[in-house]
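A.B. asks: Below is the structure I would like to discuss, written out as structure tokens.
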Ligand SMILES: NC(=O)C1=CN([C@@H]2O[C@H](COP(=O)(O)OP(=O)(O)OC[C@H]3O[C@@H](n4cnc5c(N)ncnc54)[C@H](OP(=O)(O)O)[C@@H]3O)[C@@H](O)[C@H]2O)C=CC1
Ligand SMILES: O=C([O-])CC(=O)C(=O)O
């Protein structure tokens, strides 16, 4: 391949940036560095740029450019949002204003940023929500094309996975001495996210997939008897009834997040350019 051909090939690749450099961001950066067909990593964003650069140099042998979240859209066609939820708007607005794509993990924060979907509709931008820690969003979306009667999700998490959630603090629950499961929330998914902003994105994603976050009913348990983030979902509808359960293995670095979530992002990125897309 001569250099002009290489340049042409590069020109055709989608440029991807990763906003947030934690449990999800690092494996996604690694996968992009190792190579995903048709995609090219152009930048990352981290709270501590120096630490991110050190990690990239040590782990990948090179440091990709690091820049503020709000500028990632300048150097990418697709920006993966995997930062703290309160930063979703700051990252997503400029990307969507430019008619580009946001892959959003802080799904719950879509509820407190209701302008983002209309903004995308206006500019031709898109917000893609990977299935993340969950399963079966394809089936829920299909069922929603008919009539859904009910959607429930019961979440059981090891106490450690709920540490820092405002609801746990408000309850004064001592997670270290828990011996029995304790129910920490029961109600609509839409009401849970302010109490568990970093723990229940999945419930909002489930709601947005079909029945609405106000009608999707959620229970959250701090359960010393489980070692995995466990979600059991039941759907009844005029096309099918189904029950699904997933047991996500927490990531050591951040036990709020499971190992499947960065893999789900990588799968979403691959589907952007794949000639065959399963479960679309
Ligand atoms: N949809 C789903 O299924 C799931 C969604 N999530 C959500 O995805 C998001 C990311 O999760 P996760 O990777 O586990 O979280 P982490 O806390 O592990 O990573 C977030 C990263 O963002 C960095 N950060 C903080 N402030 C900034 C800033 N101003 N600019 C750039 N980066 C910043 C943090 O840096 P530092 O560590 O230095 O503060 C941290 O490295 C969260 O909102 C989480 O709730 C998580 C799991 C499942
Ligand atoms: O891993 C999980 O159980 C899901 C999670 O943290 C989230 O939805 O934010």
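The values are calculated or read from the model by the stated rules, or taken from the named source; none is laboratory data. On a predicted model such as this, the values are computed, not experimentally measured, just so you know. Note that each Cβ is placed from the backbone with ideal geometry, even for glycine, and that neighbours are counted across all protein chains shown.
A.B. asks: Specify which of the listed residues (47, 13) is within 21 Å of residue 94 (Cβ to Cβ) and surrounded by fewer than 17 Cβ atoms within 10 Å (Cβ to Cβ).
C.D. replies: 47
A.B. asks: Can you confirm whether the range 153-168 contains a residue that is away from ligand 2 (no atom under 16 Å from the Cβ), in contact (Cβ under 8 Å) with a residue 12 or more places away in the chain, under 22 Å from residue 252 (Cα atoms) and in the same structural domain as residue 216 (by the TED database)?
C.D. replies: Within the range 153-168 (the criterion being away from ligand 2 (no atom under 16 Å from the Cβ), in contact (Cβ under 8 Å) with a residue 12 or more places away in the chain, under 22 Å from residue 252 (Cα atoms) and in the same structural domain as residue 216 (by the TED database)), the answer is no, since none of the residues qualifies.
Results for (1) over 24 Å from residue 191 (Cα atoms); (2) within 12 Å of ligand 2 (Cβ to nearest atom), shown as yes or no for each residue.
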residue	(1), (2)
220	no, yes
224	yes, no
228	no, yes
237	no, no
243	no, no
253	yes, no
260	yes, yes
273	yes, no
280	yes, no
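A.B. asks: Still on this structure: Within the range 127-141, count every residue that is outside the structural domain of residue 117 (by the TED database) and without any contact (Cβ under 8 Å) to a residue 40 or more places away in the chain.
C.D. replies: The qualifying residues number 0.
A.B. asks: Another question about this same structure. Please count how many residues of the range 124-148 are at negative phi and assigned to a loop (DSSP other than H, G, I, E, B).
C.D. replies: 11
A.B. asks: Shifting gears a bit: Would you point out the residue of the range 177-198, among those that are within 17 Å of residue 254 (Cα to Cα) and out of contact with any strand residue (DSSP E or B) (no Cβ under 6 Å at 6 or more places or on another chain), that is farthest from ligand 1 (Cβ to nearest atom)?
C.D. replies: Top of the filtered list is 196.
A.B. asks: Another one. Show the residue pairs that are 6+ apart or on different chains and have beta-carbon atoms under 9 Å apart, the first residue being within the range 68-87 and without any contact (Cβ under 8 Å) to a residue 12 or more places away in the chain, the second being within 7 Å of ligand 1 (Cβ to nearest atom) and in a helix (DSSP H, G or I).
C.D. replies: none
A.B. asks: Now for a separate question. Which is touching a helix residue (DSSP H, G or I) at 6+ places or on another chain (Cβ under 8 Å) and closer than 23 Å to residue 204 by Cα, of 44, 102?
C.D. replies: Only one candidate qualifies: 102.
A.B. asks: With the structure loaded, tell me whether residue 121 is in the same structural domain as residue 20 (by the TED database), surrounded by fewer than 18 Cβ atoms within 10 Å (Cβ to Cβ) and at negative phi or whether it fails that test.
C.D. replies: So residue 121 passes the test.
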